[in-house]
Amino acid sequence: MPKKQYSEQFRRDAVQLCKTSSKTHQAIADSLGIHVTTLAGWIKQYDIDTGERGGVTTEVRDENRRLKKELDEAQQTIKLLKKASAFCVSRMQNAA
C-alpha cells in the first residue's frame with residue numbers, strides 16, 4: 001500500500017496540537033484521521049529538529065539524500081565515460 005503524503009503544514013499543526021492540548025495523542029490522531037504511530041513519529045522528529053532530543057535532523061537527512069543521489073549520478077557518469085573511453089580506444093586500435 002502506498003504511503004500517504006501529508007503537507008508540512010499539516011504535520012506542524014498536528015505536532016503543535018499535541019504540544020498544546022491536554023488530549024491524548026490517540027485522541028488527536030483519531031480526530032485528524034491519522035494513525036497514532038504516524039503522529040508519534042512526527043513528534044519525535046520535531047523534538048530532534050528543535051534539539052529537545054538527540055538524533056538526525058530533517059535538514060541533515062535531506063542533505064544526505066541529496067548527496068546520495070548526486071553520488072549515484074556521478075557513479076553512473078563514470079561508468080558511461082569508462083565505456084566510451086574503452087570504445088574509443090578499441091576503435092583507434094582497429095584503425096591503426
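The values are calculated or read from the model by the stated rules, or taken from the named source; none is laboratory data. As the structure is a prediction and not an experimental result, all values here were calculated from the model. Reconstructed Cβ throughout: ideal geometry from the backbone, glycine too, with neighbour counts over all protein chains shown.
Numbers for the structure displayed
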read-out: Breaking point among (1) touching a residue at least 12 places away in the same chain (Cβ under 8 Å); (2) under 22 Å from the mean Cα position of the chain (by Cα), for Asp47; value: (1)
read-out: Breaking point among (1) surrounded by 10 or more Cβ atoms within 10 Å (Cβ to Cβ); (2) at pLDDT below 95, for Asn94; value: (1)
read-out: Residue ranges of helices (runs of 4 or more DSSP H) in the range 11-96 with at least 2 members at positive phi; value: none
read-out: Any hit, the range 65-80, residues being within 30 Å of Gln16 (Cβ to Cβ) and among the charged types (D, E, K, R); value: yes
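Okay, residues lined up against (1) at pLDDT 95 or above; (2) within 15 Å of the chain's Cα centre (by Cα); (3) farther than 22 Å from Glu8 by Cα:
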| residue | (1), (2), (3) |
| --- | --- |
| His25 | yes, no, no |
| His35 | yes, no, no |
| Arg53 | yes, no, no |
| Arg61 | yes, yes, no |
| Val89 | no, no, yes |
